[in-house]
Amino acid sequence: MTIFQVRQARSRAIVWTGEAASADRALEAAAQAAGYHTFAEMPDTLRTDMAAEAVTV
């Protein structure tokens, strides 16, 4: 698995870091950590401002 950071696109603030199989799975994990069942359940204003990127440690 790869380590991903999920960030707010505009501010670049990190909202979640962890292992995931893909960027899409990282976004799902970040949404679940925030209390949502799926990434699609998040409000549009949050969802459209999030991006996942693989990081090297």
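The values are calculated or read from the model by the stated rules, or taken from the named source; none is laboratory data. Because the structure is predicted, anything quoted here is derived from the model rather than measured. Cβ coordinates were reconstructed from backbone atoms using ideal geometry, including for glycine residues, and neighbour counts include every protein chain displayed. Side chains are part of the model used for accessible areas, which takes the heavy atoms of the whole protein and leaves out ligands, DNA and RNA. Shrake-Rupley method; radii C 1.70, N 1.55, O 1.52, S 1.80 Å.
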* **Total residues in region 30-54, condition touching a Phe, Trp or Tyr at 6+ places or on another chain (Cβ under 7 Å), touching a residue at least 24 places away in the same chain (Cβ under 8 Å) and open to solvent by less than 40 Å² (accessible area, probe 1.4 Å)** => 2
* To do: Hey, can you tell me all the residues within region 1-20 that are among the aliphatic types (A, V, I, L, M) and exposed (fewer than 11 other Cβ atoms within 10 Å of the Cβ)?
  => M1, A9, A13
